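Engineer: Have a look at this one.
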Amino acid sequence: MPRYMIEREFSQGLQVSMDEIGAKACLAIVQSNLAEQVTWLHSYVSADKRKTFCVYEGPSPEAIRRAASRCKLPVGQITEVSTLDPYFYK
């Protein structure tokens, strides 16, 4: 399955509480994404919480956009990526 980096902008900052309510919100996204065969792997959040860089697997950029729309999440740039780490060369 292709892997993508999705840039998202949140003008008011990303508001996800670090409690059961936040956990349920994240799991709801995971469940909703299944309809498009999209898997949220993890996200990086900027210090000001206005930008996220999310790593997803899915069949296409269009499927990523449909999944985001279903969850009412913004989508900026979508870039297909692969993994490179410093331990690959050992």
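Engineer: If I ask for residues that are part of a strand (DSSP E or B), among the hydroxyl-bearing types (S, T, Y) and either surrounded by fewer than 13 Cβ atoms within 10 Å (Cβ to Cβ) or in contact with a Leu (Cβ under 7 Å, 6 or more places away or on another chain) (or both), which ones from segment 10-53 would you list? Walk me through it before giving the result.
Structural biologist: Going residue by residue through segment 10-53, those that are part of a strand (DSSP E or B) are 39-45, 51-53.
If we keep only those that are among the hydroxyl-bearing types (S, T, Y) as well, we get 39, 43-44, 52.
Matches in segment 10-53: Y44, T52.
Engineer: Pick from V16, V30, V38, V45: which is more than 12 Å from the chain's Cα centre (by Cα) and either modelled with pLDDT of 95 or more or farther than 20 Å from V81 by Cα (or both)?
Structural biologist: On the way: V30 fails: more than 12 Å from the chain's Cα centre (by Cα); V38 fails: more than 12 Å from the chain's Cα centre (by Cα); V45 fails: more than 12 Å from the chain's Cα centre (by Cα).
Criteria check complete, one pass: V16.
Engineer: Moving to a separate point now. For the subset of segment 54-90 comprising residues that are basic (K, R) and outside any loop (DSSP other than H, G, I, E, B), which member is surrounded by the fewest Cβ atoms within 10 Å (Cβ to Cβ)?
Structural biologist: Among those residues, the one meeting the criterion is R70.
Engineer: Given the structure, is E7 surrounded by 12 or more Cβ atoms within 10 Å (Cβ to Cβ) and in contact with a helix residue (DSSP H, G or I) (Cβ under 6 Å, 6 or more places away or on another chain)? Steps first, answer last, please.
Structural biologist: Numbers: surrounded by 12 or more Cβ atoms within 10 Å (Cβ to Cβ): yes; in contact with a helix residue (DSSP H, G or I) (Cβ under 6 Å, 6 or more places away or on another chain): no.
In short, no.
Engineer: Then there's this: Restricting attention to segment 21-59, report how many residues are in contact (Cβ under 8 Å) with a residue 40 or more places away in the chain, in contact with a helix residue (DSSP H, G or I) (Cβ under 8 Å, 6 or more places away or on another chain) and of a type in the set (G, A, S).
Structural biologist: 1
The values are calculated or read from the model by the stated rules, or taken from the named source; none is laboratory data. Just so it is clear, the model here is predicted, and its values are computed rather than measured. Methodologically, a virtual Cβ is constructed for each residue, glycine included, from the backbone with ideal geometry; neighbour enumeration extends over all protein chains shown.
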